[in-house]
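Report on the following structure.
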Amino acid sequence: MTDHTEAASGETPAPQTLADIVFPGDTNHHGTLFGGAALALMDRIAFIVATRHGRVPFVTASCDRIDFRAPARIGQTVSFSGRPVRVGRLSMVVDVEMVAEDLATGGRDLCSRGQFTMVGMPQDKGADWHLPPLAEPTPAVPAADFVGMTDIIFPGQTNSAGALFGGDALAQMTKAAFVAASRLTGKLMALASCSGDFKRRVAAGTIVDTLARVTRTGRSSTTIEVELWSEELLSGVRVLTVTGTFVMVAVDSRNRPVAAFAA
């Protein structure tokens, strides 16, 4: 992993996907993700996409054309990705998709799609200020060899000094390590050990990107190096905040270690 503390040209690009794991507390009596929980996460990625485009504070004006196509079930990973499709003077429309993934089989289902209208709230920009236009489409980039997740930090995740709890940072990193290891092995993975090096504080309202890459595999264990980058909302300055090493072990239904790969 890189030891740079500031993002530079040619560095790993910031991910545009918010990912989470469906736990029992997030589901209804059918064992599927609540629609309201899905909408909240769709709105969150729309905010991140809009902020990265305009670099001003944004609020959600409306959401429409929300189409729920398939359920997301307990134990699946749900990924939310967004892209701007229309830009006006102060408002923009972000198209958002939610995909559920079964980490054991690799199966993926498009669960929901919708459009969110986000309105910029520029401060001290002048009456003539307007959002930048949409960028020209770029060629598709081949899938990278890392798991990338993005999120935003809210006040409920911070301590009395307004900084992200170390435990919450490690939880974000563990989630990325779990997904990276599970995608590689197709097995149920459990955290065996972790270590973290905290370099900077993360304030509420900061975008965080978590990047995880498998660096070593054993009979039942997988080692993942994880970086957590923080990005200021309005300036876009992105710095390396936490690095860590996570060892995940393949386990069976009784939580006993098993071979991670077929012989």
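Against the longest alpha carbon principal axis of the chain, how many degrees, from 0 to 90 and to the nearest 10, is the axis of helix 166-185 turned? For 166-185 against the chain, the angle is about 60 degrees.
Sorted fewest first by neighbouring Cβ atoms within 10 angstrom, SER79, SER112, SER235 come out as SER235, SER79, SER112.
Can you tell me which of SER220, SER193, SER230 moves the most in a GNM of the chain? Springs connect C-alpha atoms under 10 Å apart. Residue with maximal mean-square fluctuation among SER220, SER193, SER230: SER193. Stretching the chain fully between LEU134 and VAL59 yields a gain of 25.1 nm (0.36 nm per residue, less the alpha carbon separation). Restricting the calculation to Cα atoms, the range 95-242 shows an Rg/Rh of 1.02 when the hydrodynamic-style radius is the Kirkwood one. Each Cα pair under 8 Å and six or more residues apart adds its separation to the average, and for the chain the resulting relative contact order is 18 percent. Here the calculated FRET efficiency for HIS29 and ALA203, from their Cβ-Cβ distance with R0 = 30 Å, stands at 0.20, rounded to the nearest 0.05. Legend: translational diffusion of the chain by Stokes-Einstein, Rh = Kirkwood radius over C-alpha pairs, 4 °C, 1.567 mPa s; D = 66 µm²/s. Using just its DSSP H runs of length 4 or more, each adding -39500 (n - 2.57), the chain gives a mean residue ellipticity at 222 nm of -5000 deg cm²/dmol after division by all residues. Between HIS29, HIS130, HIS53, the Gaussian network model of the chain with springs among Cα atoms under 10 angstrom shows the greatest mean-square fluctuation at HIS29. Which loop trypsin sites (Lys or Arg not before Pro) in the range 27-117, with loop taken from DSSP, have no more than 15 other Cβ atoms within 10 angstrom of their Cβ? Listed in order of number, the matching sites are ARG69, ARG89. For the chain, the longest principal axis of the Cα atoms and the long axis of helix 35-54 meet at an angle of about 60 degrees.
Based on Cα atoms of the range 27-167, Rg over Rh with Rh as the Kirkwood radius reads 1.01. Available extension along the chain between THR215 and ARG89 is 40.8 nm, counting 0.36 nm per residue and deducting the alpha carbon span. From least to most packed, judged by other beta carbons within 10 angstrom and beginning with the fewest, VAL147, VAL99 follow the order VAL99, VAL147.
Only the coordinates and a few stated rules stand behind these numbers; no lab work does. Keep in mind that this is a model prediction, so the values were computed, not measured. All Cβ positions, glycine included, derive from the backbone under ideal geometry; neighbour counts span all protein chains shown.
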